[in-house]
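Everything below concerns the one structure shown next.
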Amino acid sequence: MKILIADDELVSRRRLQALLTKWGHDVISSEDGSAAFDLLKGPDAPRMGLLDWMMPGMNGVDVCRTIRRERPEPYTYMLLLTAKDAKENIVEGLESGADDYLIKPWDPDELKARLRTGQRILELEDRLVEARETMRFKATHDHLTFLLNRGAIVELLERELVRTLREKGCTIVILGDLDHFKSINDTYGHLVGDEVLQEAARRILGSVRSYDFVGRYGGEEFLLVLNNCDTSQALPRAEQIRNAIADPPIQTARGPLSVTMSMGVLSSRDWIRRSPAEILCEVDAALYRAKTSGRNRSEFAGLNATV
């Protein structure tokens, strides 16, 4: 584990560093509280800090208090080293955000035991964070395609429309639907249909930028929110995605299948101050026109521009 030692006493600092290095830790050190704070809030910061209470600049208590306020995650385990053994001093140190304390002069075996306790707590914290992120992912993503689910993509659309209006920008909204998907399920089975959906999702993601949003809107429908685009880019971007779906055929357990997608396309610049529900209604109507006009095509909402 990477551990920070912050102590203005050179002898004490070197003794700590020698012990921690011997125990297999990666050690960095500082001789004042302000430098320690900078190290603890920086990138790739140590997960554990051994802080002397009395230091130049910020003292150990100040470092604990400020780190808890300004860098809550990832959690940093902090142990105060102090000659102050009065009850009120211990309470002050713990209330500042320190996890533990050690009275000087400290015993190496006790220090080692307290470090092990800190490591166990950090491991538990990491497991809890991992579990929380897993639950958050499951709550916002489709279990089959791993795209954003309907609730999450609609929420992002709402946020993007607000941001776009505020910044006088432009967001392109695309609603795509796989053509004749029911016949794929009926002819080849739902497992093959799942393969098609997964590959379609992969191809869509490969056709957009890392900061665009893609979600499974329902069944075989996909909603795309492309931010910071111009209206003139709307149909070319849609066509790029449509062509990526159509060619090459999708490889499945039942062999290659030719799959196409119809798309409704909308530029927020043409529908200023419309609600997200109205935007979705208009792009869905454009998708319907693409379907009734022969499928495997894109149609622009409200401007009668088709490809």
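Just a few scattered comments:
- Residue check for ASP109: surrounded by fewer than 11 Cβ atoms within 10 Å (Cβ to Cβ) and not in a helix (DSSP H, G or I): no
- Some residue of the range 283-290 being at pLDDT 95 or above, under 25 Å from GLU195 (Cβ atoms) and of a type in the set (Lys, Arg): no
- Qualifying helices (runs of 4 or more DSSP H) (wholly inside the range 134-211; at least 3 residues being of a type in the set (A, V, I, L, M) and either surrounded by fewer than 12 Cβ atoms within 10 Å (Cβ to Cβ) or in contact (Cβ under 8 Å) with a residue 60 or more places away in the chain (or both)): 150-167, 190-207
- When the criteria are applied in full, LEU50 fails the requirement of being open to solvent by less than 10 Å² (accessible area, probe 1.4 Å) and touching an Asp or Glu at 6+ places or on another chain (Cβ under 7 Å).
- Against the test of being in a strand (DSSP E or B) and in contact with a Phe, Trp or Tyr (Cβ under 6 Å, 6 or more places away or on another chain), the options LEU80, LEU51 yield a single qualifying residue, LEU80.
- Subset tally (residues that are touching a helix residue (DSSP H, G or I) at 6+ places or on another chain (Cβ under 9 Å) and of a type outside the set (Gly, Ala, Ser)) for the range 67-93: 15
- Residues within the range 27-48 that are assigned to a helix (DSSP H, G or I) and either touching a helix residue (DSSP H, G or I) at 6+ places or on another chain (Cβ under 9 Å) or of a type in the set (A, V, I, L, M) (or both), tallied: 8
The values are calculated or read from the model by the stated rules, or taken from the named source; none is laboratory data. Nothing here was measured: the structure is a model prediction, and the numbers come from that model. Neighbour counts run over all protein chains shown; Cβ positions are idealised from the backbone, glycine included. In case anyone asks, the SASA skips ligands and DNA or RNA and just uses the protein heavy atoms, side chains included. Shrake-Rupley method; radii C 1.70, N 1.55, O 1.52, S 1.80 Å.
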